[in-house]
Each structure stands twice: as C-alpha cells, then as structure tokens.
Amino acid sequence: MHKKTWHEKHNESLSFGDRIADSVANGMGSWNFIIWQTIIVVIWMVLNVIGIVRHWDEYPFILLNLIFSTQAAYAAPIIMMSQNRQNQRDRIQAQNDYQINIDAKKEIEALQVQLSKLELEKLDIIIELLKKQQSDSSK
C-alpha cells in the first residue's frame, strides 16, 4: 500500500482555481511566454507603423498599452495567489522536516541508551572474566 507524501496530499487539496492560478503563474513566468509576447508586440507595432492592413492602433499604441494594463491587472493577483500557495507548501514542508528531525533525534537518543547498556554489560563481563582469571592465577 502506497503511503501518500505531504506533497501528494497538498496537490490533492488544491481547488480548480488553485490549479489554474499555478498554471498561469508557471506559464507567465517562462521564457516561452516572454518570447511569444515579444514577437506579438513587434508584429503589432510593425503592422501599425507600416499600415499594411490599416492603422487600428496608431502610435503611441494606446490599445496595446490597454491590453498590457489589463494583462497586468489580472496577472499580478493570480501570480500572488500562486506564490502564497508556494509559501504555504514551504511551511508545511518545513513543519514536516522539523517533525522528522524530532523523531530521528528521539530514535538516536534511544539507540544511545541501548548502546550504553550494552557497553556496561560488556564491561561487567570483562571485569568478571578478569576477576576469575586473577583468582585462577593466584592459586
């Protein structure tokens, strides 16, 4: 039977909106997005400066600025939601790591106690053997 990790449990607890926010943040935070957005902006500007089709957004490209403002208005809170979830995930992982460290410390302390007992038992046996050997040699 597979025991779920904290990461798997966290992923299962994400809502549909959480998953969308993470996808948007991952997409917008990539070079792929930057490159494609740059290509689109350059094409937009070239078509509007040259006017091959027609000037639907003449210089200073007010429509393009409006599109960027709208994109930023939606992107910023979505990215912040994803970052908040990442912070929450990091806190859960830190708490999990802390608990594992405490459990490991307890196990190590228990092992040290057992090793000390074994060491004392060995010393008692050695002392008994030495006493026996000493008594045998003195006869």
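Could you say whether any residue in segment 22-35 is closer than 26 Å to Asn96 by Cα, exposed (fewer than 11 other Cβ atoms within 10 Å of the Cβ) and out of contact with any Gly (no Cβ under 6 Å at 6 or more places or on another chain)? Checked against the condition, which is being closer than 26 Å to Asn96 by Cα, exposed (fewer than 11 other Cβ atoms within 10 Å of the Cβ) and out of contact with any Gly (no Cβ under 6 Å at 6 or more places or on another chain), segment 22-35 yields no hits at all.
For segment 79-96, the criterion of being part of a helix (DSSP H, G or I), over 24 Å from Ile20 (Cβ atoms), out of contact with any strand residue (DSSP E or B) (no Cβ under 6 Å at 6 or more places or on another chain) and charged (D, E, K, R) is satisfied by no residue at all. Given the criteria more than 18 Å from the chain's Cα centre (by Cα) and not in a loop (DSSP other than H, G, I, E, B), does Trp36 qualify? Yes; evaluated as a whole, the condition is true for this residue. Taken over segment 99-139, the criterion of being among the acidic types (Asp, Glu) and at pLDDT below 95 is satisfied by Glu119, Glu121, Asp124, Glu128, Asp136.
Are any of the residues in segment 54-67 within 27 Å of Phe16 (Cβ to Cβ), free of Cβ contacts under 8 Å to residues at least 60 places away in the same chain and surrounded by 14 or more Cβ atoms within 10 Å (Cβ to Cβ)? Within segment 54-67, one or more residues are within 27 Å of Phe16 (Cβ to Cβ), free of Cβ contacts under 8 Å to residues at least 60 places away in the same chain and surrounded by 14 or more Cβ atoms within 10 Å (Cβ to Cβ). No other residue among Gln114, Gln99, Gln134 is under 30 Å from Thr5 (Cα atoms) and of a type outside the set (A, V, I, L, M, F, W, C) apart from Gln99. Scanning segment 68-101 for residues that are β-branched (Val, Ile, Thr) and in contact (Cβ under 8 Å) with a residue 12 or more places away in the chain, we see that the one that is surrounded by the fewest Cβ atoms within 10 Å (Cβ to Cβ) is Ile92. Within segment 1-17, if we keep just the residues that are at pLDDT below 85 and part of a helix (DSSP H, G or I), the residue that is nearest to the chain's Cα centre (by Cα) turns out to be His7.
The values are calculated or read from the model by the stated rules, or taken from the named source; none is laboratory data. None of the values given here were measured: they were computed from a predicted structure. Heads up, the Cβs are rebuilt from the backbone with ideal geometry, glycines too, and the neighbour counts pull from every protein chain shown.
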